[in-house]
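Notes to accompany the following structure.
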Amino acid sequence: MLKAQISEPFSVISDIGPHTIADGCEPITLQGLQQLKEKCIALHCHPANLVKYVIELDGVADSVLLVPYDACEAFSRRVEEKLNLDLVLTDGIVNIEHWKIDVTDLGELSKSSADDHSELAAEYETQWLLATSGTTGTPKIVAHTIESLTRTTSKGTKSEHLSWGLLYDPARFAGFQVVLQAILANAKLIVPSPDLDFESKIEYLAANACNALSATPSLWRKILMGKAAGQLNLKQITLGGEIADQRIINSLVKQFPDAEITHIFASTEAGVGFSVKDKKAGFPVSWLESGIRGVKLKISSQETLCLQNTHVNQTYLGGDGSIADAEGWIDTGDLVEIENDRVLFKGRLNGAINIGGNKVIPEDIESEILGIPGVFQVAVRAKSSSIAGSLVEALVVPDPALGDTSSLAKNIKQHCKKALPSFKVPAFVRLVDELPMGMAGKIKR
Amino acid sequence: MSDVREVIVESIHRIAEENDLELSDTLNDESVLLDCGLDSLGFAILVADLEGSLGFDPFVMMEEPVYPNTLGEFVAIYEKFSKKEAKA
């Protein structure tokens, strides 16, 4: 259980007040916990509260779905449909109107009562349900255990003086990793308000002496561009979610010469794969032979990286099938290439493009744009950006019947802004006479 | 050298227009890039757009990566690399 791993009080600093989670000072009463025993719970809270209740619920609940702070109605519908949820737990801070199943306020479970002093005997291996970032607006739910999530987490004394900043939603895979890292290392956790803009979040972290931070390469570029980067004194830098190229690693070495820099290879589906700490892009070729910390690696015939995790126990919930094949190999779908003594990441096999850590299927955006009057044909692809990794580019052939095309590009952008999440909105809309075609007559992206 | 600056400022205005971003009234050397109305996506679009109009992307070319804070620093990077381009 997570609570058992906290040897010293665990501090969480946030805009809803600092709190310390220590043994014997539970936010939920024993009676409250009894009600939650073996239940399937959706936890929908402010990020700082989410962290607090994760620790409480581990070992008590059968399974806990972590609900992103900004979850919308579509998310609730989807998970209510797929999962057999017993109840939603909330702290009263987030918007809960769109839940159809019972919502319980955690305040109700935290009121003290007389029999609070005995121990809750039973311990369960709670399943943690995390939503993938989703390619079609319908998230897939993946079940994890604390073990599968923390295999590469360092628990040594070295990390104890770290104060981890939380730039991600803790209900998302990357954010949950940071939370577990902080808990297991008895580090502090600093949670900027999710309502702050990005630069203000960095300022908040700097003001609270954050010295360990995890972000995607795109976010790191944004951090390096901001004013507050100079105020950060980082000892541990973690990159994940996108390809960490040598350029961004070098920039970080330059700005934070004393920091350890780790890039993690992980995904919601495969859990934590492995981490690389030698300040070089990719990973050593020798790991294909030797494996790394209980993970075996191989390159498939399609040149994608496959992982075999000795602790594999992830499955898709709600009928989305098994993740690993019969021998336990998980195909990550990430294309790799061997260059000298390194295995380098090259992008996604299935044509999905990675925009700021979000997987985007070009066809989704294409179908949205095709519905706009004046559009004849469209091809969406990734355009590499030295600043943001990849951006969405839409090549559009205007309808020949459309006389004036001057406002078409702007219309398309405005339409997409209303209809799609921001990371799917094309950064570039280019009007072209025809789309590039491949040999088989398929549109080349 | 002032041409580079003009191209950049023009590009910023056009991208703001196309993306419905509101720029701060005064753009000068001290303007902080991410505060002047372009968000980080707008900034990435700007760099790609300038690659189209100037023919180079200094952020790909630089050996030691530098990320500018202000418009002045940003222009200086482009001016420095436009000299290199001219020599090449």
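Here, each number is a calculation from the coordinates, and none is a lab measurement. Here the structure is a predicted model, which is why all the values come from computation and not from measurement. Note: ideal-geometry Cβ built from the backbone for every residue, glycine included; neighbour counts use all protein chains shown.
Pull up the cross-link candidates among the lysines for A:Lys37, meaning alpha carbon to alpha carbon under 18 Å and not fewer than 8 places away within one chain. Leaving aside lysines fewer than 8 places away in the same chain, those within reach of A:Lys37 are A:Lys3, A:Lys52, A:Lys111.
Relative to its residue count, region A:39-114 spans a Cα convex hull of 91 Å³ per residue. Taking 0.36 nm per residue of separation and subtracting the current Cα-Cα distance, fully stretching the chain between A:Gln231 and A:Gln302 would add 21.1 nm. Compared with the dominant Cα axis of chain B, that is its longest principal axis, helix B:2-18 is turned about 40°. Protection proxy ranking for A:245-255, B:63-73, A:211-221, using the average of other Cβ atoms within 10 Å per residue and placing the highest first: A:211-221, A:245-255, B:63-73. In region B:1-82, Cα pairs under 8 Å separated by at least six residues give a relative contact order of 36 percent.
Shielding value for A:208-221 is 1, the average number of Cβ atoms from other chains within 10 Å of each residue's Cβ. If you average the C-alpha positions of region A:47-94 and of region A:334-373 separately, how far apart do those two centres end up, in angstrom? The distance from the Cα centre of region A:47-94 to that of region A:334-373 comes to 30 Å. Take each residue in B:65-71, count the other chain C-beta atoms within 10 Å of its C-beta, and the mean is 5. Legend: ranking of residues B:Met62, A:Met225 from fewest to most surrounding C-beta atoms inside 10 Å; resulting order B:Met62, A:Met225. Mean per-residue shielding of peptide B:58-64 is 3, counting Cβ atoms of other chains within 10 Å of each Cβ.
For B:Ser53 and B:Glu73, the difference between the fully extended length at 0.36 nm per residue and the C-alpha to C-alpha distance is 5.3 nm. With q set to 0.06, 0.11 Å⁻¹, the log10 of I(q)/I(0) for the protein assembly as shown, from the Debye formula over equal scatterers at the Cα positions, is -0.31, -1.07. Which of A:Lys280/A:Lys346; A:Lys227/A:Lys254; A:Lys277/B:Lys84 have a Cα-Cα distance over 27 Å? Result: A:Lys277/B:Lys84 exceed 27 Å.
Over region A:193-307, Cα pairs under 8 Å with separation of 6+ residues give a relative contact order of 18 percent. Counting neighbouring beta carbons within 10 Å and listing from fewest to most, the residues A:His144, A:His44, B:His13, A:His415 come out as B:His13, A:His415, A:His144, A:His44.
Taking the Kirkwood radius as Rh and the Cα radius of gyration as Rg, chain B has a ratio of Rg/Rh equal to 0.94. Distance between the pseudo-spin-label points of A:Lys417 and A:Leu30 (7 Å out from Cα toward the beta carbon): 5.7 nm.
Extension gain, A:Leu402 to A:Ser110, is 98.8 nm, computed as 0.36 nm per intervening residue step minus the present C-alpha separation.
Charge tally for A:Pro47 (other residues, Cβ to Cβ under 14 Å; Lys, Arg +1; Asp, Glu -1): -2. Distance between the modelled labels on A:Gln377 and A:Glu363, one decimal in nanometres: 1.8 nm (7 Å Cα→Cβ projection). Cross-link partners of A:Lys140 among aspartates and glutamates, defined as those whose alpha carbon lies under 13 angstrom from its own and excluding same-chain residues fewer than eight positions apart: A:Glu80, A:Glu81, A:Glu269, A:Asp320. Of the beta bridges DSSP finds with both residues in the protein assembly as shown, what % are antiparallel, to the nearest 5? Antiparallel bridges: around 60 percent, rounded to the nearest 5.
Here B:Val75, A:Val397 are placed in order of increasing Cβ neighbour count within 10 Å, fewest first, which gives A:Val397, B:Val75. Note on A:Arg77 and A:Arg293: their simple-model spin labels are 4.1 nm apart, each label 7 Å out from Cα toward Cβ. Here the protein assembly as shown is treated with +1 on each Lys and Arg Cβ and -1 on each Asp and Glu Cβ, and its dipole about the Cα centre works out to around 1260 debye. Each other residue within a Cβ distance under 12 Å of B:Ala48 adds +1 if Lys or Arg and -1 if Asp or Glu, for a net charge of -2.
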